[in-house]
1. Gain in length, GLU35 to THR62, computed as 0.36 nm per residue apart minus the alpha-carbon separation, to one decimal in nm?
2. Two decimals, Cα atoms only, Kirkwood Rh: what is Rg/Rh over the chain?
3. When only C-alpha pairs under 8 Å and at least 6 residues apart count, what is the relative contact order of the chain, in percent?
4. Between LEU8 and PHE21, what is the label-point separation in nm under the 7 Å Cα-to-beta-carbon projection?
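Where a number appears in this text, it was derived from the coordinates with a stated rule and is not lab data. What you are looking at is a predicted structure, and each value in this text was computed from that prediction instead of being measured. Here Cβ is always computed from backbone atoms with ideal geometry, including for glycine, and neighbour counts include all displayed protein chains.
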Amino acid sequence: MSRDREPLVVGRVIGDVLDPFTRSISLRIGYSSREVTNGCELKPSQVVNQPRVDIGGEDLRTFYTLASSHTL
């Protein structure tokens, strides 16, 4: 996907909140049977349970910070 069409760029997360970066691992997040993608909106009833988070990569010494936001 073109960098200028990435949801995080269009939503101004990259640029306003984060500096531009190059992806280095895969990341998948889901609630029940629904996978979360950049820019998708979920209802409170859809996120009652803890999400499943799958982070790619094979180096178990590497740690990541996961942040979530919501709009009012």
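1. My answer for the length gained is 7.3 nm.
2. 0.97
3. It rounds to 28 percent for the chain.
4. Taking the simple label geometry, PHE21 and LEU8 are separated by 0.6 nm.
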